Each structure stands twice: as C-alpha cells, then as structure tokens.
1. What does the range 126-210 give for Rg and for Dmax, in Å, if only its C-alpha atoms count?
2. On a C-alpha basis, how far is the centre of the range 65-90 from the centre of the range 124-195 in Å? Whole number, if you could?
3. Taking the Cβ of each residue in T347, T377, T385, T112 as the centre, tally the other Cβ atoms inside 10 Å and list the residues starting with the fewest.
4. Mind sorting R72, R106, R178 by how few other Cβ atoms lie within 10 Å of their own Cβ, fewest first?
5. Taking neighbour Cβ counts within 10 Å as the exposure measure, how do I183, I204 sort from fewest upward?
6. Viscosity 0.692 mPa s, temperature 37 °C: what is the translational diffusion coefficient of the range 322-415 from Stokes-Einstein with a Kirkwood Rh over Cα pairs, rounded to a whole number of µm²/s?
7. Straight-line reach from K97: which aspartates and glutamates have Cα under 13 Å away, leaving out those fewer than 8 places along the same chain?
8. Under 5 Å between amide H atoms, partner at least 5 residues away or on a different chain: which partners does Y296 have, H built in plane at 1.01 Å?
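Bear in mind that the values in this text are calculations on the coordinates, not laboratory data. Here the structure is a predicted model, which is why all the values come from computation and not from measurement. Here the Cβ positions follow ideal geometry from the backbone for every residue, glycine too, while neighbour counts run over all protein chains shown.
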Amino acid sequence: MGEEIDSRGRGADAARCRSPFILGIGTGVLIALLAVGLSILVFRPVIVLGGGQYENGMDQQQMTELLSKANRIIHTIEKEYILEDVAVEDLVEGMYKGLMDVLEDRYAAYYTAEEYAEIKINTEGSYGGVGISVAGQEVVSVYEGSPAAEAGVQAGDRLVAVEGENVSEMSSEDLRSRISGQIGEVRNLTFYRPADGSTYDVAITLAKVEIPTVFWHEIENGIMYLQITSFDTVTEDQFEKAWQEMMDAGMKGLILDLRDNLGGSLNAVLAVADKLIPEGLIAYTENKQGERQEFYAEGEGIQAPMAVLVNEYSASASELLSGALKERDVAVLVGTTTFGKGIVQTTWSLSDGTAYKMTTAKYYTPEGNNIHGTGITPDIEIDLTEEQKQMSEVPEEEDIQLQTALEAIRTELGE
C-alpha cells in the first residue's frame, strides 16, 4: 500500500513549473499529473472472500450477477458495435477507470500496468535512461556520472534525432519514451552543438539514473540555500548528503526553497522533517474510521536560523513540512499562500501490474489545522513579478522572495 502526499495527480490544477522537463525519466505522474498526494502501496487483490461474503459486502449471488452483467455488455459490444473495433482489454480497463470516475475525488484513478510502471519511476526517482534534463530539445543539464556524461553530451547541446528520427515535432512525452527504457538497451542519438556548429552521433546504453531532487550552495557567510524539487524515494539520501556537506561547510543559516514542489513520498518528507524539527509532533492523519496516526521528530532539529520559500505551487508534502516548520517555530515562511492540499491518497497495486488510488485520510499540522482548500499563509507575504513568473530561472539578486528570506536570516544572525 502506498501513501501519497503528492501534488502530482489526475485532476490536479495544472501547475506552472519553473524547472525544465526531465527527459527519459518516464514520469508517469507527469503523464497523469499525479495531483497532490501522500502515497501508500498495498499488495492485495481488489476483492477478498471471507466468511461467505466479499470484502465489499456483496454476497456470492450479487457478485455473480455483477460479473454476468459486465460480461454480457462486453459481449454485445464485441458482437454488435459497428463504428470501430475495440479490444476487450480496453473495454475492461475502461470499466475499471469508470469505477474511479464515479467517485467525486479528483485524485482517484485507475492505472494500467504501463501507466503505473511510469508512475513508480517518478516516485522512486530513478529510471533506465541517458541522464539528461531538457527544455524543448535543448539539454539543460547532464547528470554527473550518467551515460550521457560519459558519452560527452554537454549542457547547451540540442537533441536532433533518436534512432535517426527527427525529434523537432515530438511531444515531451513521446521524446521521453524514446530515450528511456529498460536498463541495458541502447539508444542511438544525434545532437547539435551550437558552440561550434557541429553535429555528432552517440550510442548510449541506458543505465539506472537517479533524478536529482536536492540542490544546495552557499549564498554568503555560511548562509546556505537548499532547494528540494520533489519528495521522491531518492530524496532522503540526497538530502542527508547535502545536509552533511552544508554542516561541513559551516552552515550558520538556511533558506529552504519549496517553491513549485508538488509533493511526493510521505517517508521522504518525514525524513527531512526529522532532521529539521526538534523532538515532537510533525503531523498526524485521520482516516474514515477516525483512526489517528501521528508522526514525530526524534532529533534536536536545526540549530540555526531558517527561512522557507513557498508559493501557490508548494503542495501536499511541501505543505506538511512547511506547516510543521512554521507551527513548531523552527522557520519563518516567505512567499505566497500554498496550494492547499490536506488529504492523503492510498494506492493499491495489483498482481497484474495495475493499480488504483483514492483519497483515504486527512492530514493535520501540529496545531491540528487541516489546510485542505486554504493552504498555508506565509509569515512574510511577497510575490514575484509577473515577468519573473514566466522566467525559467530568476537570478538570485533579482529574486525578491529569496532576498527577503536572506534578509530575515541576516537579521536573526545580527548581521
């Protein structure tokens, strides 16, 4: 069972994302826009027989009638429908999707095996690919140690063709699928290098590539800037590594950037929260039965002034973390009111590789607030200009939100 506190999902408001599209990652959540959710994975069949009744309360006769009716409709479509041929498999998949559509739940979904495989790639944060991040066809970054890096691909190069096929008219989804796949497969790629006007071909063997989700650097005098772009399975280790590096570099203050972070894994965000928040409550959830599950930090927390950057696209896991940091008086929040997702989704994975999910709980901040539909209001409200919102990257010296957070840290440090 997989618990999701992720702002990526079916039916989610389309979120503006200032980071480039990551190519080859098979971000199934980007296909379905896995809108905002905390995620649990459950391994069991849809219906379990017990004590003469199915888990859903149906008896044997009712279940037989249900299956008979579905079979008759499918048979009739197969025999009589004239407008186009429809595969039985597609009819069955459509029936499952229809069950989720009946729920008035924007986050409920049924995933085919292919869709769910791509979603898992996204939430796990690793995939079989070449290891590049692109915007359009331009290579924005090449992951360190990736197959692309070893092949000599450089940031600024443009992807021209895959297996000899021109990619200029391909959608991002098509392009992603063409250069990702099973580890060990080979992709023949053609790049153009504007720096010297050359075109070159490379054969790259797909390998396990870990998607970077954590980035940091020192802004000034021991004040560190840490950005977390999503809370994936790989985020915990990446954060731990960044944390140790910042400590070794003499961290005196921290700015945590959660802007445009749509959420992700509950375990990942709790691991980050445990490092930043002193011993005590982080958040809790309540399900349909009123059962409450509490999550606690066990360490001493950050021992330095801290500010958190948020915006209207900071959602779910980002809100759980920023809400806890605010209410536990660990950090000052700077930016605009967050997305407002205070509910939890559970994903059940089935033996045939398919899966389904729906909303199963609400989560609450340490003070007992459920922020669903309202979001979290920053301590210091300040927005970027409209022009800056359209930029892929705002220079630090022009980023009003970042500069405001920096000034708040300086003030706490007495500088």
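1. Computed over the Cα atoms of the range 126-210, radius of gyration and Dmax are 11.5, 33 Å.
2. Taking the Cα centre of each part, the range 65-90 and the range 124-195 sit 41 Å apart.
3. Working: T347 25, T377 14, T385 11, T112 17.
Starting with the residue having the fewest Cβ neighbours, the order is T385, T377, T112, T347.
4. Sorted ascending by nearby Cβ count, the order is R72, R106, R178.
5. Working: I183 12, I204 22.
Sorted ascending by nearby Cβ count, the order is I183, I204.
6. On the way: Rh = 16.2 Å.
Estimated diffusion coefficient is 203 µm²/s.
7. Here the aspartates and glutamates satisfying the reach criterion relative to K97 are E89, D105, E115.
8. I282
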